[in-house]
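Trainee: Dropping the structure in here first, questions after.
The values are calculated or read from the model by the stated rules, or taken from the named source; none is laboratory data. The shown structure was predicted, so the numbers you read here are calculated from the model rather than taken from an experiment. No Cβ is skipped: glycine too gets one built from the backbone with ideal geometry, and neighbour counts run over all protein chains shown. What goes into the accessible areas is simple: the full protein's heavy atoms, side chains included, and nothing from ligands, DNA or RNA. Shrake-Rupley method; radii C 1.70, N 1.55, O 1.52, S 1.80 Å.
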Amino acid sequence: MTTSSSERGVSLGMPELPAPAYPDDVRARLETDAREVIARYPDSRSALLPLLHLVQSEEGHVTRTGMRFCADMLGLTTAEVTAVATFYTMYRRRPSGDYQVGVCTNTLCAVMGGDAIFEELQEHLGVGNGETTDDGKVTLEHIECNAACDFAPVVMVNWEFFDNQTPGSAKRLVDDLRAGRPVTPTRGAPICTFKETARVLAGFPDERDGAVESGGSAGHASLVGLKLAKGEAAPARVVHPRGEAARTETPHDPSPTEHLSSHDAPQDTSASDPAHPAGPAAEEGE
């Protein structure tokens, strides 16, 4: 005895229709940009990643139309393009906000307060992980690592750093973004929209006044470690566990070359908190 597909609860349905094409004027503009990107590579298929950023800059996420465009320009199948677009989390597969707010919840940031920041932002914004506020301004997500452990807990907005955050400073940050007030990252270029960020990641220059000059470098804590690794500074002072040998040492103020780990002395500071500025970023070698 056999059962039909309907009895098994399987819906065959109709095959998905091909993705619609871009309007002629949009496609012409994107083709000009795409040819410029493709010309940078000896093998055209190597241009797929920047082309996905390019189509993401058009609609704010990578659509089926965008993937079809990439496939056409590179002589690939849509399946090949889809495999790449779905592998990397930097490519959004559904509409998202002007500002991608990512809270690091990896081990160190979580211990230093990242979990608390993420939970309070969810409640404050009324959204869950990967969801966007009703006004289309902010998409909130937790991410595994911002590669800035010495500034934990860290929040990123469109891939720009906001170091040493607290729940309060993070809430002020998203409120400023939604209200259109100027926001300055701890390090890096001024904040722009996610679409503008995607175009820069596609390899096109950031044409905003002063954006390139304000790109910044590693922060002070990172550079201290680099100098120590190169032997350019005295070894860091050992911080003993509380209640042990520290009592036998003569207290003194640390020299500029000594660095107390933020893990031993966490501070409620934030670049976005006017009452607790994080301080300027240092250029390498300073």
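Trainee: At 7 Å along the Cα-to-beta-carbon direction for both Ala28 and Thr184, put a label point, then send me their distance in nm to one decimal.
Mentor: The answer from the label model is 4.3 nm.
Trainee: Given H placed on each backbone N at 1.01 Å, which residues far from Cys104 in sequence or on other chains put an amide H within less than 5 Å of it?
Mentor: Ile143, Val154, Met156
Trainee: Name the long-range amide H neighbours of Glu160: under 5 Å, sequence gap of 5 or more, or other chain; modelled H, no Pro or chain starts.
Mentor: none
Trainee: How much area per residue is accessible in the range 12-71 when the probe is 1.4 Å and only protein heavy atoms are counted (Å²)?
Mentor: I get 54 Å² per residue for this part.
Trainee: Which value, in debye to the nearest 20, gives the size of the charge dipole of the range 29-115 about its Cα centre, when Lys and Arg are +1 and Asp and Glu are -1 at the Cβ?
Mentor: Dipole of the range 29-115, to the nearest 20 debye: 140 debye.
Trainee: Additional query: Carbon-plus-sulfur fraction of the accessible area of the range 33-127, 1.4 Å probe, in percent?
Mentor: For the range 33-127, the apolar C and S fraction of the accessible surface comes to 49 percent.
Trainee: Per residue of the range 118-134, what does 6.51 cos²θ - 1.76 cosθ + 1.60 with θ = phi - 60° give for ³J(HN,Hα)? Whole Hz please, x for Gly and Pro, Karplus curve as stated.
Mentor: After applying 6.51 cos²θ - 1.76 cosθ + 1.60, I find 5, 5, 6, 5, 4, 5, 5, 8, x, 9, x, 4, x, 9, 10, 5, 4 Hz.
Trainee: Under a straight-distance cross-link criterion of Cα-Cα below 19 Å, which lysines are reachable from Lys195, leaving out those fewer than 8 residues away in the same chain?
Mentor: Excluding near neighbours in sequence, the set is Lys137.
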